[in-house]
1. Regarding R104, is this residue of a type in the set (K, R), touching a helix residue (DSSP H, G or I) at 6+ places or on another chain (Cβ under 9 Å) and open to solvent by 10 Å² or more (accessible area, probe 1.4 Å)?
2. Would you tally the residues in segment 44-61 being in a strand (DSSP E or B) and closer than 23 Å to R131 by Cα?
3. Starting from segment 13-39, keep only residues that are closer than 25 Å to L116 by Cα, then list their pairs with residues that are among the charged types (D, E, K, R) and open to solvent by 70 Å² or more (accessible area, probe 1.4 Å) whose Cβ atoms are within a distance under 6 Å, requiring at least 6 positions of separation or different chains.
4. Restricting to segment 148-175, name every residue that is more than 24 Å from W295 (Cα to Cα), free of Cβ contacts under 8 Å to residues at least 60 places away in the same chain, open to solvent by 20 Å² or more (accessible area, probe 1.4 Å) and of a type outside the set (K, R).
5. Just for segment 204-244: of the residues that are among the polar types (S, T, N, Q) and open to solvent by less than 10 Å² (accessible area, probe 1.4 Å), which one is farthest from V190 (Cα to Cα)?
6. Determine which single condition G97 fails, assuming it passes every other condition in (1) free of Cβ contacts under 8 Å to residues at least 60 places away in the same chain; (2) at negative phi.
7. If T307 satisfies every condition in (1) under 21 Å from F208 (Cβ atoms); (2) of a type outside the set (D, E); (3) modelled with pLDDT of 95 or more but one, which is the exception?
8. In segment 3-17, which residues are more than 16 Å from the chain's Cα centre (by Cα) and either open to solvent by less than 20 Å² (accessible area, probe 1.4 Å) or under 21 Å from G103 (Cα atoms) (or both)?
Amino acid sequence: MDYNVIRCARAILHVTNLEASRRFYVDTLGFIETESDEEHIFLRGLEEHNHHSLLLKKSDKPVVEALGYKVSSEHDLEALALLFEKEGYPTKWIEKGEQHAIGRALRVNDLSGLPLEFFAEMDTVDRLLQRYDLYKGSRMQRIDHFNCAVPDVEAAYDFYKEKLGFACSEYTETSEGGIWAAWLHRKQNVHDVAFMNGKGPRLHHIGFWLPDQLSLIHTCDVLAASGYGESIERGPGRHGLSNAFFLYLRDPDGHRIELYSGDYLTSDPDFEPIRWDINDPMRQTFWGHAAPDKWFTEASTVLHVHTGKEVPIQTAKLKQHKPTFVI
């Protein structure tokens, strides 16, 4: 492949109240606020050297504008544009200077309708990894992955593997042999993106990496003490799939984020993807409470990169929308 997608790198969420978002993300969870103005808040984790990994934009409605991936060079952007155009997906260029702190960017809605963004250049800032005096809330470190509900997981799985060079770490299979969910990566851990069977395209959650399990437990205490106890949707617990320690939260606009720690290395070329049966109770929750129904049904809608309108929701291809086991 004549391009190199490095990793999941940034997300752009529309929010209805920037001050409410700042209280949640910065004051409570401990994101670093790199910059802000009346319409935007640029956020990052303590170990990140890029200007931001989460951009909150003031809007009338909470939606997802873009899911961003960093690539190696401008040449990669050109090559990716040729790929998507050849496959029948119209692209959009955003030139350097049109977006704050980021260089030229390529946007496209993929085969599922998800709004992707690829970029090679972003302003750099000081890494704050050893500024322990700034550690607060969840001690947020970095963005880790996207999880998306899509109507046809196998189609997304095939495209990202065959066309974009992603590798699969783990997947969930139905009794009929269909792929219900898949975890795909470019960086050397479990995933940069996961696809799960459901009405879509929608963003289920953005995963952020925390330094250790105690940080997740501490986050629960901080959230409760700060009046955000009801924002805890699921967890803490441990996934069987990925081995990650997890906590799922809903922000003031309903966007879901996962606080995440403890997966594993996937760099070896002979690594074989791990198969899980959809009704294996330890797949989703190795230990901890089962996910509530809304975890399977609620997600954030996404925008079309050309029209700026919400992408229509399609029905999932596979009939089974959630596991049938009882814990």
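1. Details: of a type in the set (K, R): yes; touching a helix residue (DSSP H, G or I) at 6+ places or on another chain (Cβ under 9 Å): yes; open to solvent by 10 Å² or more (accessible area, probe 1.4 Å): yes.
So R104 passes the test.
2. Step one: filter segment 44-61 for residues in a strand (DSSP E or B), giving 44, 50, 54-58.
Now narrow it down to the ones that are closer than 23 Å to R131 by Cα: 44, 50, 54-55.
Qualifying residue count, segment 44-61: 4.
3. Listed by first residue and then by second, the contacts come to L18/K58; E39/K58.
4. Result: D158, E162.
5. Taking segment 204-244 and keeping what is among the polar types (S, T, N, Q), we get 213, 215, 219, 226, 231, 242-243.
Narrowing the set further to residues that are open to solvent by less than 10 Å² (accessible area, probe 1.4 Å) leaves 215, 219, 242.
Values: S215: 20, T219: 23, S242: 6 Å.
The extreme case among them is T219.
6. Of (1) free of Cβ contacts under 8 Å to residues at least 60 places away in the same chain; (2) at negative phi, only one is false for G97: (2).
7. (1)
8. To start, the set of residues in segment 3-17 that are more than 16 Å from the chain's Cα centre (by Cα) comprises 3-4, 15-17.
Across segment 3-17, the qualifying residues are Y3, N4, V15.
The values are calculated or read from the model by the stated rules, or taken from the named source; none is laboratory data. Predicted, not measured: the structure shown is a model, and the values here were computed from it. Here the Cβ is made from the backbone with ideal geometry for all residues, glycine too, and neighbour counts use every protein chain on show. Side chains are part of the model used for accessible areas, which takes the heavy atoms of the whole protein and leaves out ligands, DNA and RNA. Shrake-Rupley method; radii C 1.70, N 1.55, O 1.52, S 1.80 Å.
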